[in-house]
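So that we are looking at the same thing, I have put the structure below in structure tokens.
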Amino acid sequence: MNCHVCEYTYEYDSVSLFVCPRCGHGFRAFEGDPLHYHMNEYRSLFRRNQDEFDGNGKPNKLFHKSRKGIVRKRKALVKKYLDKNDHCLDIGSGGGTFCREIKKLVKSLECIEVSHQLVEECRRLGFVTYSNDFLNHEFNKTYDIVFAWHVLEHIKEVKAFVHKALTLARKYFILEIPYQRGVPDTFDGHYHYFSMTSLRFLLGEKRILDMSAGVQNPALFAVVRGYLG
């Protein structure tokens, strides 16, 4: 098997988690269709509250209320990087709760999300929202800042994802990932379990401006200089 981060070739002896002996990156295989899984099964299996969606599957007030504390803490982390003239993209934006929290601090915010119900919620909140998988979407513009909150671990082709995010970012790629968490018995959408070495290799050691504790601990928050900056 080739490591999804450093591309080191190695033999694995586990069917649940393959750990690269060179960079320590953990990869969990999944045989199903990842897009179908994240559009359907993931949202129903891993909800914060079962009552945060109505009978039609649309997020309600509880959906945003349950995330309010998290997005306010994220706002505090990113505020110093934001400018009133910034145009931003939020990848895997969910129902737009984070974008709603910071919209007065930047010029514009756009979203991209695979869940149709959450796309409609982002649009209801007034955000231009693309209903597509980020890697397969063709953007006709770049952005000052690109956000990805707990998205990276869900993307199998993680190197291509980071390269595209950094290419779109004129100033910063800002992200948070789970870190040093256990591996659940049931696949929870997480392909990747990053080590500090594999994450620094993936993001580019010299491009990392900040790496510190994230909001949804245990997690890591990172700010990376974009390719266009």
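The values are calculated or read from the model by the stated rules, or taken from the named source; none is laboratory data. Quick caveat, the model's predicted, so the values are computed rather than measured. Quick reminder, even Gly has a Cβ in these numbers, built from the backbone with ideal geometry, and neighbours come from all protein chains shown. Ligands, DNA and RNA are excluded from the accessible area calculation, which covers all protein heavy atoms including side chains. Shrake-Rupley method; radii C 1.70, N 1.55, O 1.52, S 1.80 Å.
The rows are residues; the columns are (1) of a type in the set (A, V, I, L, M, F, W, C); (2) touching a His at 6+ places or on another chain (Cβ under 8 Å).
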position	(1), (2)
Leu135	yes, no
Asn140	no, no
Asp144	no, yes
Phe147	yes, no
Phe173	yes, no
Ile177	yes, yes
Gly189	no, yes
His192	no, yes
Gly204	no, no
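Between residues in region 51-70 that are without any contact (Cβ under 8 Å) to a residue 12 or more places away in the chain and residues that are of a type outside the set (D, E, K, R) and open to solvent by 60 Å² or more (accessible area, probe 1.4 Å), which pairs lie under 7 Å by C-beta distance while being six or more apart or on different chains?
Asp51/Leu62
Which count do you get for residues in region 205-229 that are closer than 18 Å to Phe147 by Cβ and over 15 Å from the mean Cα position of the chain (by Cα)?
Residues in region 205-229 being closer than 18 Å to Phe147 by Cβ and over 15 Å from the mean Cα position of the chain (by Cα): 12 in total.
Sticking with this structure for a sec: Need a quick list: helices (runs of 4 or more DSSP H) entirely within region 23-110 having at least 2 residues that are among the hydroxyl-bearing types (Ser, Thr, Tyr) and open to solvent by 40 Å² or more (accessible area, probe 1.4 Å).
Qualifying helices (runs of 4 or more DSSP H): 42-45.
Mind checking which residues of region 164-189 are under 14 Å from the mean Cα position of the chain (by Cα) and at pLDDT 95 or above?
So in region 164-189, the residues under 14 Å from the mean Cα position of the chain (by Cα) come out as 164-166, 173-179, 189.
If the condition is that a residue be under 14 Å from the mean Cα position of the chain (by Cα) and at pLDDT 95 or above, then Lys164, Ala165, Leu166, Phe173, Ile174, Leu175, Glu176, Ile177, Pro178, Tyr179 are the ones that fit.
Kindly state which strands (runs of 3 or more DSSP E) lie completely within region 122-229 and contain at least 3 residues that are in contact with an Asp or Glu (Cβ under 9 Å, 6 or more places away or on another chain).
128-131, 143-149, 169-178, 219-225
Return the residues of region 128-143 that are open to solvent by less than 20 Å² (accessible area, probe 1.4 Å) and either aromatic (Phe, Trp, Tyr) or over 18 Å from Arg100 (Cα atoms) (or both); say none if nothing qualifies.
Phe134, Tyr143
Pairs, please: C-beta under 8 Å, at least 6 apart or cross-chain, first residue closer than 18 Å to Val162 by Cα and in region 1-20, second modelled with pLDDT under 90 and open to solvent by less than 90 Å² (accessible area, probe 1.4 Å)?
Sorted first by the residue in region 1-20, then by its partner, the pairs are Cys3/Tyr10.
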